[in-house]
Amino acid sequence: MVSRVIPVEAFDLVIFGGTGDLARRKILPGLFRRYCAGQMPENSRVIGAARGDMDNDGYRAFVAEAVREFGGRRSCEDGTLDGFLERMAFVSIDARGEKGWSEMAELMRPDVVRAFYFSVAPSLFGDLAERLNQHGLTDDSSRIVVEKPFGRDLDSARALNRDLAAYFDEGQIYRIDHYLGKETVQNLMAVRFGNMLFEPLWNSQYVDHIQITVAETVGVGGRGEYYDKSGAMRDMVQNHLMQLLCLIAMEPPSKFDPDAVRDEKLKVIRALDPVEPHHIVRGQYDATEGAESYREEVGDPRSRTESYIAMKLGISNWRWAGTPFYLRTGKRLKARSSEITIVFKELNHSIFGEAGDHRNELSIRLQPNEGIELGVTIKEPGPGGMRLINVPLDMSFAQALGADAEDPPDAYERLIMDVIRGNQTLFMRGDEVEAAWAWTDPIINGWDARGDVPKTYESGSEGPVDAVQLLARDTRVWRKVSP
Ligand code: NAD
């Protein structure tokens with residue numbers, strides 16, 4: 001299969017924080033892969049902007065190293081890297097001072113798309129927005145991209161939204177949640193709204209429950225200081241899992257356009273029930289041979305931050321009342337695996353009696369091995385009567401679509417190109433983020449007020465035993481976390 005590369009307009013992309021970890025691991029290698037795919041027009045440029053003294057050549061060496069280390073498998077012709085590096089420039093800048101701004105103003109060109117990626121701490125978002133405006137670097141068609149975390153509660157998210165809204169319209173602000181850029185997440189929408197098969201069944205009449213799992217094998221590692229102030233609820237649930245939940249639960253938008261999709265997602269967040277404390281399990285990983293415990297890693301023997309969370313959610317609307325959503329995410333678990341599973345109800349009458357399991361499950365795997373699997377009931381082959389078994393109709397993208405799907409564009413590449421195209425469908429709107437915090441805040445405040453202590457769980461396990469109980473109470477089971 002030959003992939004279709006849709007050309008974008010020429011651009012100047014400024015990466016504030018262009019020497020940071022995110023730029024090195026994701027943004028720059030992602031741009032290089034788009035360049036290799038022929039999607040970066042001739043006269044486009046990438047301008048790294050960060051603290052510290054570096055000249056253009058120094059930055060090109062930095063970018064070359066980042067591409068070599070994180071560029072991925074996609075093959076590029078010899079000499080391609082040189083062509084990419086020619087498009088790089090660097091400005092040493094201070095977001096909070098005057099250094100570098102007039103130099104940047106001289107570099108920017110008229111008549112190309114201007115995008116400014118704020119890959120810096122959120123405490124600098126307001127300063128950058130103000131200085132961009134002060135130095136006349138933006139106009140109505142300029143775009144800004146902001147990274148997570150977008151606030152740590154409703155008040156701070158509102159303050160960030162206000163800081164940005166002082167200089168930019170909502171239509172210019174691209175809040176990244178890289179989960180929305182994943183191939184399978186978009187496929188979730190294609191499966192739901194591109195087939196007659198599923199949507200008629202996509203409601204509480206036919207769906208027993210839904211599971212969303214994002215399991216990681218890694219611990220907090222070098223991010224301990226940041227993570228300990230955040231925890232799984234702020235770091236994963238409020239943004240990534242909430243976005244996945246919205247895409248599964250939303251009503252069909254009238255068209256695939258940014259506001260139609262985001263209006264429907266917002267309605268889901270607003271319809272979420274408050275969560276009962278006994279419907280949440282918080283966990284923290286313990287030490288195992290050769291690996292430190294969470295508390296050792298973050299250097300606080302009394303830390304009460306959760307590295308794992310499982311919860312049961314209800315949505316109070318006509319489509320979903322009565323169908324629970326079970327969410328779980330955690331670090332140092334048995335396998336790295338992210339998937340969404342729609343578990344359909346049992347047949348209300350089986351003509352085969354007790355001959356087998358009749359339940360259908362639709363599983364959407366985000367990673368690894370992106371794909372979709374539908375469990376269907378068939379007759380077990382061979383003699384011996386009508387014995388039924390459940391077998392997967394499995395569509396691995398890599399198998400079905402060949403080489404293109406084996407190395408699909410990384411979420412960041414896709415999202416950056418969407419910024420250049422001016423398409424906000426896969427970015428969070430300000431009101432969505434605020435609604436998600438408005439739902440999250442009372443839960444976190446409740447833990448703080450009660451002095452809630454997370455349960456410990458063994459590293460390399462499937463999480464705390466209480467999470468198993470959470471479903472067992474409803475006579476349900478989690479899907480196995482397997483790679
Ligand atoms: P980092 O600490 O590695 O890099 C920070 C960058 O900001 C550096 O280039 C530094 O020079 C620049 N900077 C700092 N102060 C500045 C100032 N006053 N003026 C101009 N530049 C300044 O950070 P990072 O890990 O690259 O993260 C950047 C942002 O992306 C953060 O908001 C982070 O939360 C978010 N994020 C990072 C990751 C990741 O994997 N690293 C993932 C998701 C979100």
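The values are calculated or read from the model by the stated rules, or taken from the named source; none is laboratory data. Just so we're clear, the structure is a prediction, and the values are computed from it rather than from any experiment. Counting neighbours? That spans all protein chains shown, and the Cβs are built from the backbone with ideal geometry, glycine included. Just so you know, the surface numbers come from the protein's heavy atoms only, side chains and all, with ligands and any DNA or RNA stripped out. Shrake-Rupley method; radii C 1.70, N 1.55, O 1.52, S 1.80 Å.
So the values come out like this:
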{"read-out": "Leading residue by the ranking (farthest from Lys26 (Cα to Cα)) among those in the range 144-159 that are part of a helix (DSSP H, G or I) and open to solvent by 50 Å² or more (accessible area, probe 1.4 Å)", "value": "Asp155"}
{"read-out": "Residue match in the range 86-101 (condition: within 30 Å of Gly38 (Cα to Cα), among the polar types (S, T, N, Q) and more than 29 Å from the chain's Cα centre (by Cα))", "value": "yes"}
{"read-out": "Residues (within 23 Å of Glu9 (Cα to Cα) and either out of contact with any Ser or Thr (no Cβ under 9 Å at 6 or more places or on another chain) or charged (D, E, K, R) (or both)) located in the range 36-59", "value": "Gly38, Gln39, Met40, Pro41, Glu42, Asn43, Ser44, Arg45, Val46, Ile47"}
{"read-out": "Among (1) part of a loop (DSSP other than H, G, I, E, B); (2) within 15 Å of the ligand (Cβ to nearest atom); (3) over 19 Å from Arg414 (Cα atoms) - the single one Gly18 does not satisfy", "value": "(3)"}
{"read-out": "Residue that is modelled with the lowest pLDDT, among those in the range 448-483 that are within 26 Å of Asp177 (Cα to Cα) and either open to solvent by less than 20 Å² (accessible area, probe 1.4 Å) or more than 24 Å from the chain's Cα centre (by Cα) (or both)", "value": "Val481"}
{"read-out": "Checking Glu130 against (1) open to solvent by 40 Å² or more (accessible area, probe 1.4 Å); (2) in contact with a strand residue (DSSP E or B) (Cβ under 6 Å, 6 or more places away or on another chain), the condition it does not meet", "value": "(2)"}
{"read-out": "Within the range 37-74, tally of residues that are open to solvent by less than 40 Å² (accessible area, probe 1.4 Å) and either away from the ligand (no atom under 16 Å from the Cβ) or within 26 Å of the chain's Cα centre (by Cα) (or both)", "value": "15"}
{"read-out": "Residues that are open to solvent by less than 20 Å² (accessible area, probe 1.4 Å), within 16 Å of the ligand (Cβ to nearest atom) and part of a loop (DSSP other than H, G, I, E, B), drawn from the range 80-118", "value": "Ile93, Ala95, Gly97, Gly100"}
{"read-out": "Only listed residue being open to solvent by 50 Å² or more (accessible area, probe 1.4 Å) and either in a helix (DSSP H, G or I) or not assigned by TED's automatic domain parsing to the domain that holds Arg302 (or both), chosen from Arg192, Arg234, Arg162", "value": "Arg162"}
{"read-out": "Residue under evaluation Val8, criteria (1) within 16 Å of the ligand (Cβ to nearest atom); (2) surrounded by 19 or more Cβ atoms within 10 Å (Cβ to Cβ); (3) touching a residue at least 60 places away in the same chain (Cβ under 8 Å), criterion not met", "value": "(1)"}
{"read-out": "Selection count where residues are open to solvent by 20 Å² or more (accessible area, probe 1.4 Å) and either among the hydroxyl-bearing types (Ser, Thr, Tyr) or assigned to a helix (DSSP H, G or I) (or both), scope the range 207-231", "value": "7"}
{"read-out": "Residue within the range 174-181 that is touching a Leu at 6+ places or on another chain (Cβ under 6 Å), touching a residue at least 24 places away in the same chain (Cβ under 8 Å), not β-branched (Val, Ile, Thr) and not in a strand (DSSP E or B) present", "value": "yes"}
{"read-out": "Out of Arg33, Arg24, sole residue that is away from the ligand (no atom under 11 Å from the Cβ), part of a helix (DSSP H, G or I) and basic (Lys, Arg)", "value": "Arg33"}
